[in-house]
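Peer 1: Take a look at the following structure, please.
We did not get these values from a lab; they are worked out from the coordinates using the rules stated. For clarity, every value in this text was computed on a predicted model and none was experimentally measured. In this analysis, Cβ positions are derived from the backbone assuming ideal geometry, glycine residues included, and neighbour counts consider all displayed protein chains.
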Amino acid sequence: MKALVKSKPEAGLWMHDMPVPEIGPDDVLIKINKTGICGTDVHIWNWDDWAQKTVPVPLVTGHEFAGQIAELGRDVKDLQLGQRVSGEGHLIGYKSRQSRSGKFHLDPETRGIGVNEQGAFANYLRLPAFNVVPLPDQISDDIGAILDPLGNAVHTALSFDLIGEDVLITGAGPIGIMAAAVARHVGARHVVITDINQTRLDLAAQVADVVAVNVAEQDLAQVSQSLGMTEGFDVGLEMSGNQRAMDQMIEALVMGGRIALLGIPPGNSPVNWSRIVFKAITIKGVYGREIFETWYKMIAMLQNGLNVTKVITHRFKAADFVQGFDIMRSGQSGKVVLDWT
Ligand code: NAD
Ligand code: ZN
């Protein structure tokens, strides 16, 4: 099979012929149809410090996928050959207290496909049947291939009650944009999204009914006043990993506001703790998706009017992956989807 491999400890990814993975009794083999390129894959391509410390070489990369079941392990029940599926890319352990009490997304032994284990940028993926999520007919392979980042957006957005609340999202990357669509879908009042990249703000306004603010040019406080917010935003969803965005969010929040933090700041970013204390702000760190509660919620929302299709701005054949990674790196894209069929 063809696979996009980190085969040398240097910048780049290479398309190689690899053996089709062998599956165990509790696994399935998935024939991959579509995959999404993630910011994580760009880190792995760039071979930055994090990637060098984390990623074994050689490794088949990629963790956002949709496909169909090509082979069933001996002990797998309740899944069928040919069934359309996506799946959770975090492979969990079963020893920890969190895992044994059903909080699978908090298991400290979690390993990621395409990061620590062989991944989905390939014609075939081996996945534990436990991780498989069947796709209903209404959900296309394109959307199936971005359920992983949509899940990040849903997990973060549903961290706090958003009904009737004023929500600030910092960072209009694909995940911030999808979080804005979710906040709108579940009944927030005002949804404001910020970025310094106008292309992405324009995309946000196309995908969701939001107020998109370029904080390099516009004053966020003035925008919130013009919307009639006198005391500030109730909930903040941090989706940029940028220090200035975080500082701006803390200032823009109401007393007692709540922040869900998905963005990953580089290194040790300074935090103005006294502002957080005196504003009585609650902060929740968000990692991955809730396994499998987030999957149930997002599929239900997609079946009931949540539409994030336009966040996919570029589609390439897998063989043209270099173009896909180039456009990802340019910052001039939403999600980029590769076709393996
Ligand atoms: P992305 O890098 O595509 O988007 C981040 C956006 O933030 C960019 O558009 C950038 O222009 C914008 N930005 C930069 N400075 C800003 C500022 N001062 N104010 C507002 N916006 C600013 O990322 P993504 O793929 O959408 O992911 C969002 C974040 O979530 C990233 O930090 C990513 O690493 C992180 N992430 C975390 C998890 C997790 O499990 N916690 C999972 C996936 C992604
Ligand atoms: Zn991802």
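Peer 1: Lys and Arg at +1, Asp and Glu at -1: add these up for the other residues within a Cβ distance under 15 Å of Val286 and post the number.
Peer 2: Neighbour charge sum, excluding Val286 itself: +1.
Peer 1: Moving on to the next point. Treat segment 210-341 as a sphere of radius equal to its Kirkwood radius over Cα pairs and apply Stokes-Einstein at 4 °C in a medium of 1.567 mPa s; give the translational diffusion coefficient in µm²/s, rounded to a whole number.
Peer 2: Calculated translational D: 73 µm²/s.
Peer 1: Further question: Would you mind counting up the charge near Arg184? Only other residues with Cβ under 13 Å from its Cβ, with Lys and Arg at +1 and Asp and Glu at -1.
Peer 2: -2
Peer 1: Quick check: pseudo-label points 7 Å beyond the Cα along Cα→Cβ at Asn214 and Arg74, how many nm apart are they?
Peer 2: The answer from the label model is 6.2 nm.
Peer 1: Stick to the Cα atoms of the chain, pair each with every other, and give me the Kirkwood hydrodynamic radius in Å at one decimal.
Peer 2: After inverting the mean inverse Cα-Cα distance, the result is 20.6 Å.
Peer 1: Sticking with this structure for a sec: Please state the charge dipole magnitude for segment 1-52, taken about the Cα centre, from unit charges on C-beta atoms (+1 on K and R, -1 on D and E), reported in debye and rounded to the nearest 20.
Peer 2: With Lys and Arg at +1 and Asp and Glu at -1, about 260 debye.
Peer 1: Work out how much length Gln83 to Glu117 would gain on full extension: take 0.36 nm times their residue separation and subtract the Cα-Cα distance, in nm to one decimal.
Peer 2: Here the answer is 9.9 nm.
Peer 1: Excluding Asn131 itself, what net charge comes from residues whose Cβ is under 12 Å from its Cβ, given Lys and Arg +1 and Asp and Glu -1?
Peer 2: Net charge in that neighbourhood comes out at -2.
Peer 1: Taking θ = phi - 60°, what integer Hz values does the Karplus form 6.51 cos²θ - 1.76 cosθ + 1.60 yield along segment 132-143, in sequence order, with x for Gly and Pro?
Peer 2: So the J values, rounded to whole Hz, are 6, 10, x, 9, x, 4, 5, 9, 6, 5, 4, 5.
Peer 1: Could you line up Asp148, Asp320 from fewest to most neighbouring Cβ atoms inside 10 Å?
Peer 2: In order of increasing Cβ crowding within 10 Å: Asp320, Asp148.
Peer 1: Next up: Rg to Rh for segment 112-210: what is it, with Cα atoms only and Rh by Kirkwood?
Peer 2: Dividing the radius of gyration by the Kirkwood radius yields 1.04.
Peer 1: Run the numbers for Arg100 and Thr309: contour at 0.36 nm per residue of separation, minus the present Cα-Cα distance, in nm.
Peer 2: Computed gain between Arg100 and Thr309 is 71.6 nm.
Peer 1: Working from Cα positions, state the angle (0 to 90°, nearest 10) between the long axis of helix 174-185 and the longest principal axis of the chain.
Peer 2: The two axes meet at around 70 degrees.
Peer 1: Taking the chain as a Gaussian network, Cα atoms linked when under 10 Å apart, which of Ile69, Ile169, Ile177 shows the biggest mean-square fluctuation?
Peer 2: Ile69
Peer 1: What's the angle, to the nearest 10 degrees (0 to 90), between helix 147-157's Cα axis and the longest principal axis of the chain?
Peer 2: 30
Peer 1: Have a look at the DSSP beta bridges in the chain and tell me what percent are antiparallel, nearest 5.
Peer 2: In the chain, approximately 55 percent of DSSP beta bridges are antiparallel ones.
Peer 1: Then there is this: What is the gain in length, in nm to one decimal, between Asp26 and Gln138 on full extension, counting 0.36 nm per residue of separation less the C-alpha to C-alpha distance?
Peer 2: Computed gain between Asp26 and Gln138 is 37.6 nm.
Peer 1: Past 30 Å, Cα to Cα, is the threshold; run Lys6/Lys31; Lys2/Lys297; Lys34/Lys77; Lys284/Lys317; Lys31/Lys335; Lys8/Lys297 against it and keep the listed order.
Peer 2: Distance filter (> 30 Å) returns Lys2/Lys297; Lys284/Lys317; Lys8/Lys297.
Peer 1: Which angle from 0 to 90°, rounded to the nearest 10, does the C-alpha axis of helix 321-330 make with the longest principal axis of the chain?
Peer 2: Long axis of 321-330 versus the principal axis of the chain: about 10 degrees.
Peer 1: Can you return the lysines within cross-link range of Lys95? Criterion is Cα-Cα under 16 Å, with same-chain partners fewer than 8 residues away left out.
Peer 2: Lys103
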